[in-house]
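Single-structure report; data block below.
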Amino acid sequence: MATSALRSLWAEPRPTNAPDPGPRDWALVAALISWSVVEVVLRRDLAPGPVLLLYALAVIGPLPWRRTHPLVAVAVSFGTLMIVDLVRILTGSHGAPLNSTSAALILTYALFRWGSGREAAIGLGVILLWQPITTVADPMSLAGKVGGYAFFLSAAALGAAVRYRAKIRFRDIDQAKAREREQLARELHDTVAHHVSGIAIQAQAGRAIAASHPERAVEALAIIEDAATRTLTELRAIVGVLRASQDTEFAPQPGVAEVEQLATDGQTRPCVEVTLSGEFDDLSPAVGAAIYRLAQESITNARRHARHATQVTVAVTGDADQVRLTIDDDGSSGAGGRAPAGYGLVGMQERATLLGGTFNAGPTAERGWRVEAILPRTGTPR
């Protein structure tokens with residue numbers, strides 16, 4: 001398992017959203033240069049000027065590119081520091097470095113925040129190789145040596161923590177997008193399937209009666225036109241949501257009041273009758289939209305799969321705590337009378353469950369099919 005974890009870390013890719021150098025980076029460089037100048041003016045215990053210049057260039061120079069090229073920045077910075085310290089050891093040069101060079105911690109942080117797994121491992125090796133060399137060039141106590149390692153390892157740990165927190169955040173965003181796409185797919189299924197099924201039925205009826213009752217065929221064409229117009233309107237609304245930015249004002253969702261619009265006259269088979277009873281004024285918008293979509297999908301299923309069905313009854317009842325939706329049809333429910341349950345029933349079950357309700361669908365004792373959903377009045381998506 002340990003080997004697998006190490007391989008996973010080694011193969012970790014770079015984050016894809018690393019920002020390019022910007023005004024803040026150059027402001028950071030200017031601030032560090034100013035700090036270095038102030039130190040040179042005020043301090044008397046510093047190393048010789050050329051050493052200080054190389055130290056400053058090694059740390060400050062790569063900073064703007066620490067996110068886009070983290071390993072290169074670390075290699076240039078700590079590689080130069082390593083060479084300077086080796087020269088100091090060989091020449092016996094003494095003196096303290098600039099405190100502003102502690103900005104090397106920023107490079108360590110950036111290496112683990114923005115580098116790939118391989119870059120982080122290689123860069124950490126360079127940093128750990130430099131640490132004992134600099135402690136020889138600038139002798140210090142054991143506590144100082146331990147503190148130096150602790151500072152750089154803490155910067156590395158902080159970079160890794162921020163990296164994986166951002167990774168989790170982006171994963172959550174992707175999951176939210178996936179859920180939204182699934183919801184939109186369900187909306188498309190409910191909307192298009194309902195209206196297109198109605199169009200198909202009216203077209204078949206119109207063709208059958210065109211010769212004997214042309215006036216009724218014209219009525220069927222008018223119904224087809226109305227259904228097609230509704231389909232296009234709802235599709236445009238959904239496509240608008242897909243194209244819109246985060247500031248888009250979404251159109252109101254249909255609710256219980258719109259369920260009555262699903263009713264049809266006696267000329268359409270099966271005939272759809274809708275009955276609303278109870279109070280729906282303070283109903284949660286999510287519950288209202290779910291009741292409408294469940295009723296719409298159930299009517300669509302009856303038109304598609306209920307053989308010889310002549311009537312579909314939709315009843316919505318609201319009481320103090322819950323809303324009950326019941327849809328019955330009188331189609332055949334025996335062998336061969338129904339097609340297998342598909343995405344529609346699965347989506348209906350998910351809608352009810354997400355709102356803390358229950359959903360049941362199946363054949364009745366005598367003839368037909370019943371769909372029943374019970375939702376809490378204040379249900380909210382989980």
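Points worth noting:
- Fully extended contour minus Cα-Cα distance, from ARG118 to SER34, at 0.36 nm per residue: 26.8 nm
- According to the Kirkwood relation over distinct C-alpha pairs, the hydrodynamic radius of the stretch 252-382 is 14.7 Å.
- From least to most packed, judged by other beta carbons within 10 angstrom and beginning with the fewest, THR326, THR134 follow the order THR326, THR134.
- Potential lengthening between LEU9 and SER154 on full extension [0.36 nm per residue; Cα-Cα distance subtracted]: 50.4 nm
- Residues in the stretch 310-332 reached by a label modelled at HIS213 [backbone nitrogen below 17 Å; 7 Å Cα→Cβ]: 310-311
- SER141 paired with VAL72, simple spin-label distance in nm, labels 7 Å along Cα-to-beta-carbon: 4.2
- Using a Förster distance of 51 Å, the FRET efficiency for ASP45-GLU350 (Cβ separation, nearest 0.05): 0.10
- Placing R0 at 30 angstrom, the Cβ-Cβ distance between GLU366 and ASP265 gives a FRET efficiency of 0.70 after rounding to 0.05.
- Sequence of SER102, SER141, SER116 once ranked by neighbouring C-beta atoms within 10 Å, starting from the fewest: SER141, SER102, SER116
Just so you know, all these numbers are worked out from the coordinates, no wet-lab data involved. What you see is a predicted model; the values in this text were computed from it and never measured. A quick note on method: Cβ atoms are made from the backbone with ideal geometry, for glycine too, and the neighbour counts reach across all protein chains shown.
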